[in-house]
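First the structure, in the form of structure tokens, and then the observations on it.
The values are calculated or read from the model by the stated rules, or taken from the named source; none is laboratory data. No experiment lies behind these values; they were computed from the predicted model shown. Neighbour counts are summed over all protein chains in view; Cβ atoms, including those assigned to glycine, are modelled from backbone coordinates with ideal geometry.
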Amino acid sequence: MMSADLGVPPRMVAVMALVLLVVAGMIWGTAPAVASVVVSIALGCLLWAFMVRTRRGGRVSAYTVDRSAHSGGDDPRHIRMPLPKPRALRPGEFDDLVYRIQRLEEEDDEEYEEYEEEDDEEYDDINSLIDTERDHIVIGIGSDLVADEIPLEVIEGITDTVVTKLHSAGVSNLSDMTCLGAADIASVCDVGVETAAEWLADAMCIVVGAGVDGVHELADWRADELLEVIRDAVHDGTVHLPDGYQVTEAKVVHWISAAREYLS
């Protein structure tokens, strides 16, 4: 059909098929699926060229000219070329081709699944790193680097001396303080248990009740909004406070002011 319609000689088609086979051999190691398709096309071209060549016998006389409806020379519209008969498949050849196609599809699926697994593992590693370092992000302020954690000094009554004692015990911020009990804080700071319990309650209100664990975040709050969030947390049981402890607006204003003063 190609030789009759486009004027392409079977020999040229055969040469093109050989070139395709060479190309398939070159890419077989990197892209076997594509190479298989190229080989199939090349073999089809060779088969077609062979059959056309056999039919024509190397002569143009294989073409027949129908002049029954035309009297003025050889009209290309009346030139007919007998089509080659399709080759019958050998026993089992069709099943073998189906099996090869299925194997190629399975290999592609396996490669895609392996790529997805590697991508998911990398994504999980990044998320794990973010979760690990979330509380230790360093933010630049001017020429200094300040860790974005709430300092102990925002709690009213905690002096520099108390801060030094807590630091020596490994407590460097409010999040660390919430991990201790009132008795532990009282022992480290040489204060009464009631005082230590009030400091701990303040820290719990900020860190647990409001979910604030960064000094920048605390400094950005409005006092009335932060107070409302903490009271809701106390009401629904998110944070438990000692008997007699009251979350007042004055306390909240002091925390926010101290955070802003720390950052100034």
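Residues that are free of Cβ contacts under 8 Å to residues at least 60 places away in the same chain and farther than 18 Å from Val154 by Cα do occur in the stretch 193-213. Suppose the filter is among the basic types (Lys, Arg) and either under 13 Å from Ile150 (Cα atoms) or not assigned by TED's automatic domain parsing to the domain that holds Gly181 (or both); does Arg222 pass it? Answer is no for this residue.
What about Gly244, is it closer than 19 Å to Thr195 by Cα and small (Gly, Ala, Ser)? Yes. Count of the stretch 83-114 residues, restricted to those that are among the aliphatic types (A, V, I, L, M) and at pLDDT 75 or above, is 2.
I want to confirm something. Restricting to the stretch 27-74 and keeping residues that are modelled with pLDDT of 50 or more and basic (Lys, Arg), which single residue is surrounded by the fewest Cβ atoms within 10 Å (Cβ to Cβ)? Going through the qualifying residues, I end up with Arg55.
Of the helices (runs of 4 or more DSSP H) lying entirely inside the stretch 148-250, those containing at least 1 residues that are surrounded by fewer than 17 Cβ atoms within 10 Å (Cβ to Cβ) span 160-168, 182-189, 193-204, 215-220, 223-235.
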